[in-house]
Amino acid sequence: MNITFIGVGNVGGAIADNLQKLGHNVSIAARDPESKSVQEAVKRNPDLSVKSPDEAISSAEVVFLATPFAAVESALNEFGKAIDNKILVDCTNPVSPNLTHGLESKISGSEKVQQLVPNARVVKAFTIYGYENFEDNNYSGYGDLKPAMLIAGNDSSAKETVAELCRQLGWEPVDTGNISTSLHLEHMTLLWIKMGRVQGFGTGFVWAMLKK
């Protein structure tokens with residue numbers, strides 16, 4: 001599958017690396033190919049392609065949005081039309097400096113993304129954890145139980161495509177509903193950060209779904 005990343009910091013770089021190692025054609029949509037984040041991503045995995053944003057997005061079947069949330073609007077204003085009808089995986093989280101929801105919980109960040117690119121097929125995914133679990137989500141000792149990846153979006157076909165990528169990466173995808181449900185996922189991210197980085201649990205924990 002042809003996959004493009006807008007943003008390859010800690011989160012995007014980790015996911016891009018693992019998707020490429022699974023055999024996908026992964027590119028970075030780079031305004032500045034010499035930027036620190038792009039150079040670090042390529043140093044980690046030289047098989048990642050660095051392309052102009054127009055080239056990278058036009059050839060992509062799936063686009064990952066993994067910028068800081070503050071950069072989302074400018075990125076989508078620039079690339080929005082090129083993303084029309086494509087699957088856009090929103091990995092961003094609106095987080096305020098005091099670890100509260102950056103949009104005051106009035107609307108999810110993913111709903112804002114969908115408003116900015118109304119013709120894209122937005123799926124919230126690859127949040128609820130820190131980047132460490134996107135680098136390595138292997139938790140041995142639990143049999144066939146996989147860590148859960150909660151996703152949300154309005155387009156069922158797009159969600160199934162993203163769910164399959166989750167499975168390939170070793171996650172159990174859990175469809176939580178339409179895009180408005182993303183607000184709850186963003187609060188789960190805040191909870192994970194507070195537990196893992198503030199309260200001392202450490203970053204080596206994930207959520208799982210047990211079913212009878």
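The values are calculated or read from the model by the stated rules, or taken from the named source; none is laboratory data. Keep in mind that this is a model prediction, so the values were computed, not measured. Here the Cβ positions follow ideal geometry from the backbone for every residue, glycine too, while neighbour counts run over all protein chains shown.
Observations on the structure shown:
- Residue within the stretch 165-176 that is in contact with a strand residue (DSSP E or B) (Cβ under 9 Å, 6 or more places away or on another chain), within 12 Å of residue 206 (Cα to Cα), of a type in the set (S, T, N, Q) and modelled with pLDDT of 95 or more present: no
- Selected residue (only one of 60, 71 is at negative phi, touching a residue at least 24 places away in the same chain (Cβ under 8 Å) and buried (at least 20 other Cβ atoms within 10 Å of the Cβ)): 60
- Just one residue in the set 60, 75, 70 is farther than 15 Å from residue 12 by Cα and assigned to a helix (DSSP H, G or I); that residue is 70.
- Filter result for residue 44 (more than 19 Å from residue 91 (Cα to Cα), surrounded by fewer than 23 Cβ atoms within 10 Å (Cβ to Cβ) and modelled with pLDDT under 95): no
- Among (1) buried (at least 21 other Cβ atoms within 10 Å of the Cβ); (2) among the aliphatic types (A, V, I, L, M); (3) farther than 26 Å from residue 25 by Cα, the one test that residue 188 misses: (1)
- Matching residues in the stretch 78-98 - criterion: being among the basic types (Lys, Arg) and not in a loop (DSSP other than H, G, I, E, B): 81
- Residue that is surrounded by the fewest Cβ atoms within 10 Å (Cβ to Cβ), among those in the stretch 102-121 that are among the β-branched types (Val, Ile, Thr) and over 15 Å from the mean Cα position of the chain (by Cα): 107
- Residue that is under 24 Å from residue 130 (Cα atoms), without any contact (Cβ under 8 Å) to a residue 24 or more places away in the chain and assigned to a loop (DSSP other than H, G, I, E, B), where the choices are 33, 46: 46
- Only a single item in (1) out of contact with any His (no Cβ under 8 Å at 6 or more places or on another chain); (2) in contact (Cβ under 8 Å) with a residue 40 or more places away in the chain; (3) among the β-branched types (Val, Ile, Thr); (4) under 22 Å from residue 12 (Cβ atoms) is not met by residue 100, and it is number (4).
- Strands (runs of 3 or more DSSP E) enclosed by the stretch 117-209 - at least 1 residues per element that are closer than 27 Å to residue 79 by Cβ and touching a Pro at 6+ places or on another chain (Cβ under 8 Å): 148-153
- Set side by side, the residues 54, 17 differ, and just one is over 24 Å from residue 169 (Cα atoms), touching a residue at least 12 places away in the same chain (Cβ under 8 Å) and assigned to a helix (DSSP H, G or I), which is 54.
- Applying a threshold of 8 Å to beta carbon distances and a minimum spacing of six or more residues, or different chains, the list of pairs starting in the stretch 141-153 at a residue that is among the hydroxyl-bearing types (Ser, Thr, Tyr) and ending at one that is surrounded by fewer than 24 Cβ atoms within 10 Å (Cβ to Cβ) reads 142/208.
- Test: residue in the stretch 99-113 that is modelled with pLDDT of 95 or more, assigned to a helix (DSSP H, G or I), touching a strand residue (DSSP E or B) at 6+ places or on another chain (Cβ under 8 Å) and of a type in the set (S, T, N, Q): yes
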